[in-house]
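The values are calculated or read from the model by the stated rules, or taken from the named source; none is laboratory data. This is a predicted model, so every value here is computed, not measured. Cβ: placed from backbone, ideal geometry, glycine included. Neighbour counts: every protein chain shown.
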Amino acid sequence: MTDTRHTRLLIIGSGPAGYTAAVYGARAMLAPILVQGMQPGGQLTITTEVENWPGDTMVMGPELMQRMEAHAREMGSEIVTDHIASLDLSQRPFRAQGDGGTVYTGDAVVLATGAQARWLGLPSEEKFMGMGVSACATCDGFFYRGREVVVIGGGNTAVEEALFLTNFASKVTLVHRRDSLRAEKILQHRLFNNPKIAVIWDHTLEEVLGEGDGPGVGGARLRHVATGETQDLACAGVFVAIGHSPASELVRDQLRMQEGGYVWVEPGTTRTSVPGVFAAGDLTDHVYRQAVTSAGMGCMAALDAEKFLAEQG
């Protein structure tokens, strides 16, 4: 017999957006159920120091997410360790099938499944992740004051990251596999006119090099795409900026989407194209992608859901 759990507010995803929605949903007496997904706590659980969370000069990413989860539980939210395999938004109550066999139904749904940075898939990239390899200049640029860094990519994300890093780094080298950038012309103009930025064309990242016997990054080995020749470039950090992939597979054919697979929401709200379904955090945000903005959207989603349910009686 299938175990079916019903709630007024079903939250799918457990990063800052999901946990904040759970806090506000519980305070609104909606008795929310939050399904954590495959990575409880989201992307912050694989980061180290977080220095831009208001109220904490520095906090470890996993610790911050543990505190958020504990806060949501204390408010009265039920946190479930499960992964949603399918979601039916064709009628209310909405129906979600968990990998564990449980069916979750909700009168309203908050989607907070987040997004993942795209990586190159290099073993050395994974080895130094969080120890000199990053996919977020806004998060980690501060650690590279007065040091040289490398940015990999050629689109808007890469150029924006490179420009931002000039606020801290002594030199930024942009490495692109082609001989021209895909970024918007205005961004390219800023990049080429910034004296701190150098560009290496027609190269890919072959390997991230360690710094002696220490745990940090000491350089990047680059390979020419035509000749195969390699060169080693000294640097203290490598920023992989080849875009993000929103975790929108569950709803891609059911909701209106934005370019890049992000879920569309009505401007100024978290309302999606299906009444009663709300989206928050990196799943819908391709601009800011910060923990604090995700948490703010989680708050908005819970308040939007509360209003929707009140109007439904």
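The residue that is surrounded by the most Cβ atoms within 10 Å (Cβ to Cβ), counting only those in segment 278-313 that are of a type in the set (Val, Ile, Thr) and farther than 15 Å from Ala247 by Cβ, is Thr293.
Screening segment 199-236 for residues that are among the hydroxyl-bearing types (Ser, Thr, Tyr) and in contact (Cβ under 8 Å) with a residue 12 or more places away in the chain and picking the one that is surrounded by the fewest Cβ atoms within 10 Å (Cβ to Cβ) gives Thr230.
Taking the listed residues Gly76, Gly130, the one that is surrounded by fewer than 17 Cβ atoms within 10 Å (Cβ to Cβ), touching a residue at least 12 places away in the same chain (Cβ under 8 Å), touching a Ser or Thr at 6+ places or on another chain (Cβ under 6 Å) and over 19 Å from Thr2 (Cα atoms) is Gly130, with no other qualifying. Restricting attention to segment 29-38, which residues are surrounded by fewer than 19 Cβ atoms within 10 Å (Cβ to Cβ) and either touching a helix residue (DSSP H, G or I) at 6+ places or on another chain (Cβ under 8 Å) or in contact (Cβ under 8 Å) with a residue 12 or more places away in the chain (or both)? Answer for segment 29-38, where residues must be surrounded by fewer than 19 Cβ atoms within 10 Å (Cβ to Cβ) and either touching a helix residue (DSSP H, G or I) at 6+ places or on another chain (Cβ under 8 Å) or in contact (Cβ under 8 Å) with a residue 12 or more places away in the chain (or both): Ala31, Met38.
Within segment 51-66, is there a residue that is closer than 22 Å to Thr102 by Cα, of a type in the set (A, V, I, L, M, F, W, C), under 19 Å from the mean Cα position of the chain (by Cα) and outside any helix (DSSP H, G or I)? No, every residue in segment 51-66 fails to be closer than 22 Å to Thr102 by Cα, of a type in the set (A, V, I, L, M, F, W, C), under 19 Å from the mean Cα position of the chain (by Cα) and outside any helix (DSSP H, G or I).
When Phe94 is tested against the conditions (1) hydrophobic (A, V, I, L, M, F, W, C); (2) more than 23 Å from the chain's Cα centre (by Cα); (3) farther than 22 Å from Leu10 by Cβ, the lone failure is (3). The lone criterion from (1) assigned by TED's automatic domain parsing to the domain that holds Gly55; (2) assigned to a loop (DSSP other than H, G, I, E, B); (3) of a type in the set (A, V, I, L, M, F, W, C); (4) over 24 Å from the mean Cα position of the chain (by Cα) left unmet by Ala226 is number (1). Of all residues in segment 149-198, exactly one satisfies the criterion of being outside any helix (DSSP H, G or I), closer than 20 Å to Leu120 by Cβ, without any contact (Cβ under 8 Å) to a residue 40 or more places away in the chain and of a type in the set (Val, Ile, Thr), namely Val172.
Within segment 265-313, the set of residues being closer than 24 Å to Ser90 by Cβ and of a type in the set (Val, Ile, Thr) comprises Val265, Thr269, Thr270, Thr272, Val274, Val277, Thr284. Of the residues making up segment 252-283, just one is within 17 Å of the chain's Cα centre (by Cα), among the acidic types (Asp, Glu) and outside any helix (DSSP H, G or I), namely Glu259. I'd like to check something: does segment 79-89 contain any residue that is over 15 Å from Ala108 (Cβ atoms), part of a strand (DSSP E or B), at pLDDT below 90 and not hydroxyl-bearing (Ser, Thr, Tyr)? Looking for residues that are over 15 Å from Ala108 (Cβ atoms), part of a strand (DSSP E or B), at pLDDT below 90 and not hydroxyl-bearing (Ser, Thr, Tyr), one finds none in segment 79-89, hence no.
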